[in-house]
1. Going by the conditions given, is Y297 hydroxyl-bearing (S, T, Y) and modelled with pLDDT of 85 or more?
2. In the list A326, A352, which residue meets the criterion of being modelled with pLDDT under 85, over 18 Å from L405 (Cβ atoms) and among the hydrophobic types (A, V, I, L, M, F, W, C)?
3. Taking helices (runs of 4 or more DSSP H) that fall entirely within the stretch 205-291, which contain at least 1 residues that are farther than 30 Å from A370 by Cβ and in the same structural domain as D343 (by TED's automatic domain parsing)?
4. I'd like to verify a number: residues in the stretch 173-188 that are surrounded by 12 or more Cβ atoms within 10 Å (Cβ to Cβ) and either over 16 Å from Q242 (Cβ atoms) or not assigned by TED's automatic domain parsing to the domain that holds V232 (or both), how many?
5. List every residue pair whose Cβ atoms sit under 6 Å apart, with the two residues 6 or more apart in sequence or on different chains, where the first one lies in the stretch 232-250 and is within 11 Å of W177 (Cα to Cα) and the second, anywhere, is modelled with pLDDT under 85 and hydrophobic (A, V, I, L, M, F, W, C).
6. From L142, L176, L137, L166, grab the single residue that is more than 17 Å from F373 (Cα to Cα) and not in a helix (DSSP H, G or I).
Amino acid sequence: MEAELGSSLEYTSTWIVALVCFIIVLLSLCAERGLHHLGKFLTHKGQDQLHGALQKLKEELMLLGFISLLLTVFQGLISRICIPTHFASFMLPCKRDTGSSNGSEHYSHRAVRNQRQLLSEDTNSGHCQNEGKIPLLSLEALHQLHIFIFVLAVVHVIFCVTTMLLGGARIRQWKLWEDAIRQETSQSTKDPTMGSRSHAREFLKDHANGYWKRAAIVSWMISFFKQFYGSVTKSDYIVLRQGFIKEYLPNNPKFDFHEYMMRTLEADFKKVVGISWYLWLFVVVFLLLNVAGWHTYFWLSFLPLILLIFVGAKLEHVITRLAMGARKEKEKEHEAVRVKPSDDHFWFGRPAIVLDLIHFILFQNSFEIAFFFWILSTYGFNSCIMEKVGYIVTRLIIGVIVQVLCSYSTLPLYAIVTQMGSKIKKEIFDGDVGSYIENWMNPKEKQRQIHMQKMREMTQIAQSSDLATIAIEETTASVTELPSEAQEPFPLS
């Protein structure tokens, strides 16, 4: 009892309370000011898309704060909910010791073994034990869940930033190709979008020439392996760039395609860095299925790798289909090689699905790594949730492979291949011009409906006035000159 009084805020020295509050507030203000100055720096450098991603990150931090607030406010209520011991004796992440006579005894031993001061004193466990039950979720478990959610969000943001930085560095290597093409364009007197014949021949040779490459199975196999080496060659970049400019900007052969790609990638980063509702739902499902003996944690680690390889193969296959189409057009019309962008090459005619899959892959990989470090720091390396050493090593290796492959292969492929859709993105305009045009073309639904209603009313009034004028003129004419036979003004069916 004396120890409990000593740990209460009523019996804690005021200088300790003030010091702890000062440190917490100081760290929070430093973080807030740091994000604020980072936003101003990005705005000053013209990085509007990265500034938008930073705002998305702030929203995620606010969501984490709200989750933390809910866990703190309702921790007492949750821990006072008592359930029978047999309800908590199945679907356990770790099997309990057979030496325990019942779940209540095991819970009592574990509580004694893990005594520590957490979010507040665990005084409700005795309340449930007096009734022969156990708490729905102990304060210790709430505290550990609290930390896990925070670690998951932080690791996800770090992994997304790392992927975008590494992938962006890979894409910036193409800047040399872009500069060379634009320099050649400015010095050439011919049509620059027709491109180099040697690169066009190499493009067709790599993707379309050969009888076996026309077979679907063979083309998919080639696409599968090509993502691991030379996923985007110089010939690919030049021909795809020319196809984009010829389709959408035929009068601007000097268009900076590389800068446009970087702007669209920064805009997509704003979506990838967030944690959508379906990703939180995935976390809940995993926590439900993390049962001892199921090895869910191990088998789930293969999911991001499989999806990533599948997405990479699909993106490579889109390039192959574009090459096949260009080859057919060349044979039919004897023109220069030109790819024609189309949404038909993507799943369900929607290139945006690829970004959704990459978003899920990055989150799933972040989840695997975050869960590993959370278990390591909370329960130790020998925890039963860690399972065997072979499982641990396999999961870590897969996580590294997914991170490297996504950064250096899949993300650059996504950046250029998704430009081959049927629509251009608003990032084709510099600065805020794209946003202004988007707002102009897509006003708020309510304002649009009001505007359309007014237009319909004005049209009806104008039509009524015109019809009335025509009717008066026809009536006047009919009075002065009556026809010999009655005729219907309109044919009746």
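The values are calculated or read from the model by the stated rules, or taken from the named source; none is laboratory data. Small disclaimer: the values here were computed from a predicted structure and weren't measured. As a convention, Cβ positions derive from the backbone with ideal geometry for all residues, glycine included, and neighbour counts pool all protein chains shown.
1. For Y297, the condition - hydroxyl-bearing (S, T, Y) and modelled with pLDDT of 85 or more - is not met.
2. Of A326, A352, the one residue that is modelled with pLDDT under 85, over 18 Å from L405 (Cβ atoms) and among the hydrophobic types (A, V, I, L, M, F, W, C) is A326.
3. 216-226, 234-248, 257-272
4. So the answer is 1.
5. What qualifies is S235/F203.
6. The unique qualifying residue is L137.
Condition check ((1) touching a Pro at 6+ places or on another chain (Cβ under 9 Å); (2) at pLDDT 85 or above; (3) part of a helix (DSSP H, G or I)) across all residues:
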| site | (1), (2), (3) |
| --- | --- |
| K332 | no, no, yes |
| L362 | yes, yes, yes |
| I369 | no, yes, yes |
| C406 | yes, yes, yes |
